[in-house]
Amino acid sequence: MPDTLRRAIDAIEPEMIETRHHLHQNPELSFQEEKTAALVAERLGQLGLTVQTGVGGHGVVATLQGARPGRTLAIRADMDALPIQEQSRLPYCSRQPGVMHACGHDGHTTILLGTAKTLAALRGEMAGNVRFIFQPAEEVVGGAHRMCEAGVMDGVDAVIALHGWPQIGLGQIGVRSGAMMASAETFEIRIQGQGAHAAYPHLSVDPIVVGAQVVTALQTLVSRETDPNDPVVVTVGQFHAGTAYNIIPGTAHLAGTVRTLSNETRRSMPDRIRRVVEGVCAAARASCEFAYHEGTPPVMNDPGINNLIAEVGRETLGEENVLTIPHPSMGAEDFAVYLDYAPGAMFRLGLGETAPIHTPTFDFEDRALRVGVELFCRVALRFLDDPASKR
Ligand SMILES: [Zn+2]
Ligand SMILES: [Zn+2]
């Protein structure tokens with residue numbers, strides 16, 4: 001099987017590189033992935049799959065049914081690009097001013113298309129189904145919720161995904177059991193004070209001074225309320241107030257993000273933050289409005305599925321090329337949402353020497369495409385073959 005598989009991937013590699021370059025040249029922002037989705041739908045249709053389009057926005061889904069019944073594995077790719085002006089001399093540099101595939105979702109989409117093509121040819125030997133999920137709007141954390149609400153995880157037994165990763169060598173992958181990426185949620189605070197002349201502070205309730213105390217007090221949630229072994233990040237990234245140096249303004253607006261690695265801590269954060277914000281404001285005679293916006297949970301990789309990926313990775317790439325990711329990242333990834341519906345795992349696909357993701361010179365490594373396809377295919381075949389592979 002592996003040799004047949006490799007030959008099949010060899011055969012489609014040039015086409016995949018071409019597809020990836022085309023996507024890289026034509027990036028689309030979150031919720032605007034119209035042309036990308038059309039390309040994906042067309043390619044899946046050519047494989048004889050029944051394709052659903054417009055799922056949760058511009059999402060595309062198709063299920064490959066094997067010759068015999070069995071379990072269903074979902075594989076997810078994301079399709080959106082970022083609002084970054086590309087700074088490269090690549091012949092396939094972005095043609096969209098200010099929009100760029102700086103997170104490698106062009107690579108993810110191409111890999112999943114290559115996987116669909118490769119597995120479709122093996123349909124006759126397959127027991128069970130593989131569902132290909134092409135998701136819009138990962139970067140703004142919204143696509144996954146919509147896809148899942150539209151039912152793409154119905155009947156799915158497990159779900160996998162990958163993310164290209166520059167800090168990992170080409171031909172290597174990074175795996176991790178348990179928490180891998182953090183939850184990400186946002187909050188907004190509007191402090192209502194009392195404006196006054198800057199020279200008469202006693203006539204004011206200064207929302208800048210109150211806001212400064214709020215920012216400081218919020219940090220004690222991290223340093224004094226939550227377990228140091230259970231990481232939390234509270235970042236106030238916006239603080240807007242005032243119009244002139246000699247006027248105490250009436251209001252201040254703050255906004256920030258909260259990251260956690262456990263759902264228990266995640267659920268506790270809105271109340272904790274509200275208590276601190278309201279308490280500090282009350283102590284200073286200010287009033288406040290507080291809003292907390294639910295985002296994405298932490299990515300909690302299922303140990304069984306993670307082991308399956310690691311095992312297949314060691315067989316395919318060699319023992320030394322499957323790295324264990326030492327620490328979870330406090331960055332977020334909305335793949336986490338799928339994990340609320342079925343066990344699964346995400347792994348990092350090594351891209352070798354390339355600029356960091358989300359920077360203007362990043363590029364997905366073409367040579368990593370085939371590695372991603374082979375791993376997806378082999379994990380899928382192993383999962384469908386072996387009902388006990390979830391060990
Ligand atoms: Zn990204
Ligand atoms: Zn990404």
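Explain nothing, just the number: relative contact order of the chain, from Cα pairs under 8 Å at least 6 residues apart, as a whole percent. Kindly include the intermediate steps, with their values, before the conclusion.
Values: 909 pairs, mean separation 92.4, N = 391.
Rounded, it is 24 percent for the chain.
By other beta-carbon atoms within 10 Å, ranking GLU34, GLU319, GLU278 with the fewest at the front produces GLU319, GLU34, GLU278.
Summing +1 for each Lys or Arg and -1 for each Asp or Glu, what net charge is found among the other residues whose Cβ lies under 11 Å from the Cβ of SER287? Computed value for this residue: 0. A convex hull fitted to the Cα coordinates of region 276-362 yields 178 cubic angstrom per residue.
Using Cβ contacts closer than 10 Å as the measure, can you line up GLU311, GLU225, GLU28 from fewest to most?
Listed from fewest to most nearby Cβ atoms, that is GLU225, GLU311, GLU28.
Under the criterion of Cα pairs below 8 Å and six or more residues apart, the relative contact order for region 183-296 equals 44 percent.
Would you work out if region 183-296 is rounded, prolate or oblate? Take a ≥ b ≥ c from the square roots of the eigenvalues of the alpha-carbon gyration tensor; rounded if a/c is under 1.5, else prolate when a/b is larger than b/c, oblate otherwise. It comes out prolate by the Cα gyration axes.
Using the Cβ atoms and a cut-off under 14 Å, what net charge is assigned to the surroundings of VAL373, where Lys and Arg are +1 and Asp and Glu are -1?
Details: positive: ARG6, ARG7, ARG20, ARG43, LYS117, ARG367, ARG370, ARG378; negative: ASP10, GLU13, GLU15, GLU365, ASP366, GLU374.
Counting the neighbours of VAL373, the net charge comes to +2.
For region 123-234, the relative contact order comes to 10 percent (Cα pairs under 8 Å, sequence separation of at least 6).
Taking every DSSP beta bridge that has both ends in the chain, the antiparallel portion is near 65%.
All other residues whose Cβ lies under 13 angstrom from that of PRO166 are scored, Lys and Arg at +1 and Asp and Glu at -1, for a net of -2.
For region 103-189, the gyration tensor built on C-alpha atoms gives an oblate shape. Its axis ratio a/c (a ≥ b ≥ c) is at least 1.5, and a/b is not larger than b/c. Helix 2-25 and the longest principal axis of the C-alpha atoms of the chain enclose an angle of approximately 40°.
Taking 4.7 Å between beta carbons as the limit, the unpaired Cys residues of the chain are CYS93, CYS103, CYS148, CYS377. Exposure proxy for ASP157, ASP206: other Cβ atoms within 10 Å of each Cβ, ordered fewest to most, give ASP157, ASP206.
A short reminder: the numbers here are calculations on the coordinates, not readings from a lab. Remember, predicted model here, so these are calculated numbers, not experimental data. Backbone-built Cβ (ideal geometry, glycine too); neighbour counts: all protein chains shown.
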